[in-house]
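Chemist: Sending over a structure as structure tokens; questions will come in a sec.
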Amino acid sequence: MLAACATNRPQADNQEAQAVAQQTVQAVEAAASAVPSPATPVARAATAPEEKLDVLLEDNLNPGEKVDLDAPKTHVDLWARMRAGMAMPELDNDLVRKAEDWYSSRPDYVARMTGRGSLYLYHVVEEVQKRGMPMELALLPFVESAFRNDAQSSAKAVGMWQFMPATGRDFDLKQNIFRDDRRDVLASTKAALDYLQRLNKMFDGDWQLALAAYNWGQGNVSKAVARNQKAGLPIDYDSLRMPDETRYYLPKLQAVKNILMRPEAFGIELPAVANHPYFLSVNIDRDMDVARAAQLAELDEETFRQFNPSMNKPVILAASSGQLLLPYDNASTFVANLEKHRGPLASWTAWVVPRTMKPADAAKQVGMNETGLREINRIPARMLVTKGSTLLVPRTAERDRDVSEHLADNASIGFAPDVPPMRRVTLKANKGDTVASVARRYRLGTTQLAQWNRVSTKATFKPGQQVVAYVREGQQLAAVEPSAPSKPSAKSTKSAKVTRVASSAANKPAKAGAKTRSAKVAASDGKGARTVATKTALR
């Protein structure tokens with residue numbers, strides 16, 4: 001009932017909520033400007049070295065500015081600041097109502113979603129406001145991933161902004177065996193807003209079309225716009241023909257916005273979010289185990305990974321990551337504990353495979369058991385690790401250097417099937433032979449035989465043409481014996497003759513004086529077998 005009442009005049013109610021929020025923010029900002037900021041922040045960890053702590057307590061979003069948790073502006077509710085910055089046109093249709101009903105009927109889900117979002121919202125809001133973009137965009141991770149950095153779609157989109165692999169690379173989000181920047185809070189937010197700005201410019205400042213392109217792809221939206229232009233139809237979001245998912249995309253964002261603007265009308269309670277950084281960035285100059293870093297920050301590993309979700313391995317590489325994100329107090333604790341720490345920081349390093357190897361051989365060379373090597377490097381069963389691959393291995397006295405920047409940024413791993421060596425053989429095609437008939441005769445795959453001979457699966461061979469196939473070393477390729485027909489027929493007399501024995505490998509030179517030998521060829525006309533000469537097998 002509350003949700004139904006809230007939909008009677010949503011646009012006017014949103015405008016009223018926005019006006020109240022703007023007055024609140026303006027009043028707090030005026031009060032803040034009247035109070036001089038302290039020269040230095042209150043130190044939260046007196047044991048940290050003063051000069052390091054001084055740098056640490058700078059706002060990583062605004063370099064050079066000190067974080068002061070007691071400043072008047074920090075007491076503004078961040079939701080009010082977001083309400084004041086809404087600038088996109090309002091949507092009001094049945095799909096918005098549907099999305100409102102979905103969210104408002106799941107208060108526990110909304111609580112989890114907003115709780116996760118509260119960790120990162122200040123950063124997103126700051127970035128959106130600095131760029132002069134509508135504040136609705138800060139709500140997009142609620143729709144894309146429910147603010148989950150570990151979210152992954154069936155289409156391989158990853159992170160709270162749901163970047164596809166190729167789009168992520170376009171915006172310099174590194175993806176390798178050590179890290180995936182699509183899950184990184186700072187990097188993915190910057191990339192997402194860069195992308196949205198590009199789309200907005202592409203669609204002449206229309207944020208609704210820009211968001212449709214973010215969901216559906218810029219090429220698809222451009223084609224839909226061109227199609228409507230050609231037909232003399234409007235080119236706004238509501239007028240374009242698009243998939244149901246994209247049609248529902250903006251209504252979902254509008255529903256989240258409506259709930260943010262008037263949570264009490266939907267029976268939703270939003271968590272308080274302070275208007276200051278929840279986390280700070282801390283530079284590191286040595287490789288460090290994830291478990292060690294969490295210990296130094298006095299966080300459990302799960303919480304540590306909430307702020308540093310881009311790490312794919314149990315080690316953080318200083319050459320690629322260069323920094324950690326930590327809650328305010330834990331950042332100070334980390335600096336203090338790191339200063340006092342004695343002993344190694346990392347127990348893992350990278351090793352480049354010198355040649356294509358079996359995992360068991362690689363494990364023996366680096367001093368691990370095979371199971372452990374396979375698990376930490378995700379090596380599939382029955383696979384070889386190819387030359388030049390990078391594996392994570394234990395540090396030893398011989399391998400104790402930090403990983404280089406080049407290797408940290410470009411590390412990859414490749415696999416090859418662990419199968420016996422293959423031998424090339426040639427067969428001679430009969431009259432009327434096709435790829436399918438030869439494959440059937442020798443129990444080979446039609447597609448594979450076509451690939452070996454660089455022809456289509458429907459190709460026909462010329463009589464006497466050499467047909468290439470590959471077999472395992474020591475394996476003989478024999479033709480299938482034809483089944484005797486119960487009654488001779490006119491068709492059977494025209495059937496192709498079937499060779500019992502495959503010809504030998506043709507990729508090796510024949511020995512001098514090699515002789516030919518006879519092989520029986522079964523004739524399907526019922527007149528008995530005849531003898532033909534075939535080249536002797538060379539091994």
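Chemist: What distance in nm separates the simple spin-label points at residue 365 and residue 473, each placed 7 Å from Cα in the Cβ direction?
Modeler: The modelled label-to-label distance comes out at 1.9 nm.
Chemist: Right, another one. Is region 200-250 best put as rounded, prolate or oblate by its Cα gyration tensor, with a ≥ b ≥ c the root eigenvalues, rounded for a/c under 1.5, and otherwise prolate when a/b is larger than b/c, oblate when not?
Modeler: oblate
Chemist: May I ask you to give the percent of accessible area on region 169-304 that is carbon plus sulfur, with a probe radius of 1.4 Å?
Modeler: Heavy-atom surface of region 169-304 belonging to carbon and sulfur, 1.4 Å probe: 45 percent.
Chemist: Which length gain, in nm to one decimal place, applies between residue 456 and residue 75 when the Cα-Cα distance is subtracted from 0.36 nm times their residue separation?
Modeler: Here the segment from residue 456 to residue 75 would lengthen by 130.1 nm.
Chemist: Let me ask something additional. Measuring from a point 7 Å past the Cα of residue 164 along Cα-to-C-beta, which residues in region 223-252 have an amide N at less than 20 Å?
Modeler: In region 223-252, the label zone of residue 164 (backbone N under 20 Å from the point 7 Å along Cα→Cβ) covers 223-227, 241-250.
Chemist: Give me the one-decimal nm value for the distance between modelled label points at residue 286 and residue 401, 7 Å along each residue's Cα-to-Cβ direction.
Modeler: Simple spin-label model gives 1.8 nm for this pair.
Chemist: Measuring from label point to label point, each 7 Å out along Cα→Cβ, what is the residue 172 to residue 303 span in nm?
Modeler: In this crude spin-label approximation the distance works out to 3.3 nm.
Chemist: Same structure, new question: Count the net charge of all other residues whose Cβ sits under 13 Å from the Cβ of residue 158, scoring Lys and Arg as +1 and Asp and Glu as -1.
Modeler: Around residue 158, the surrounding residues sum to +2.
Chemist: If you take every residue apart from residue 380 with its C-beta less than 11 Å away from the C-beta of residue 380, what net charge results, scoring Lys and Arg +1 and Asp and Glu -1?
Modeler: Result for the neighbourhood of residue 380: +2.
Chemist: Given 0.36 nm per residue, what is the gain on full extension from residue 105 to residue 156 after removing their alpha carbon distance, in nm? Before the final figure, lay out the partial values.
Modeler: Working: separation 51, 0.36 × 51 = 18.36 nm, distance 2.90 nm.
That works out to 15.5 nm of additional length.
Chemist: Between residue 20 and residue 131, what is the FRET efficiency for a Förster distance of 30 Å, r being their Cβ-Cβ separation, to the nearest 0.05?
Modeler: 0.75
Chemist: For residue 238 and residue 355 in one chain, what is 0.36 nm times their gap in residues minus the Cα-Cα distance, to one decimal in nm?
Modeler: Fully extending the segment from residue 238 to residue 355 adds 36.4 nm.
Chemist: Quick one: which of 130/252; 130/190; 431/458; 130/156 span more than 19 angstrom between C-alpha atoms?
Modeler: 130/252; 130/156
Chemist: Continuing with this model, one more query. Which residue, chosen from 224, 263, 162, occupies the Cα position most advanced towards the positive end of the dipole of region 140-283, where the dipole is computed from +1 (Lys, Arg) and -1 (Asp, Glu) charges on Cβ about the Cα centre?
Modeler: Farthest along the dipole direction, towards plus: 224.
Chemist: Moving on. With Cβ to Cβ distances under 12 Å as the rule, what net charge do the other residues near residue 261 carry (K, R +1; D, E -1)?
Modeler: -3
Chemist: In addition: Could you please state, rounded to a whole Å, how far the C-alpha centre of region 171-190 is from the C-alpha centre of region 421-458?
Modeler: About 46 Å separates the Cα centre of region 171-190 from the one of region 421-458.
Chemist: Classify region 90-150 as rounded, prolate or oblate from the Cα gyration tensor: take a ≥ b ≥ c as the square roots of its eigenvalues, call it rounded if a/c is under 1.5, otherwise prolate when a/b beats b/c and oblate if not.
Modeler: Because a/c hits 1.5 or more and a/b fails to exceed b/c, region 90-150 counts as oblate.
Chemist: Going by a ≥ b ≥ c, the root eigenvalues of the Cα gyration tensor, does region 285-392 fall in the rounded group (a/c under 1.5), the prolate group (a/b larger than b/c) or the oblate group?
Modeler: Prolate, because a/c is 1.5 or more and a/b exceeds b/c.
Chemist: If amide hydrogens are placed 1.01 Å from N in the peptide plane, which non-local residues have theirs closer than 5 Å to the one on residue 163?
Modeler: Placed amide hydrogens put 158 under 5 Å from residue 163.
The values are calculated or read from the model by the stated rules, or taken from the named source; none is laboratory data. As the structure is a prediction and not an experimental result, all values here were calculated from the model. Counting neighbours? That spans all protein chains shown, and the Cβs are built from the backbone with ideal geometry, glycine included. Calculation scope for accessible area: heavy atoms of the full protein, side chains included, ligands and nucleic acids excluded. Shrake-Rupley method; radii C 1.70, N 1.55, O 1.52, S 1.80 Å.
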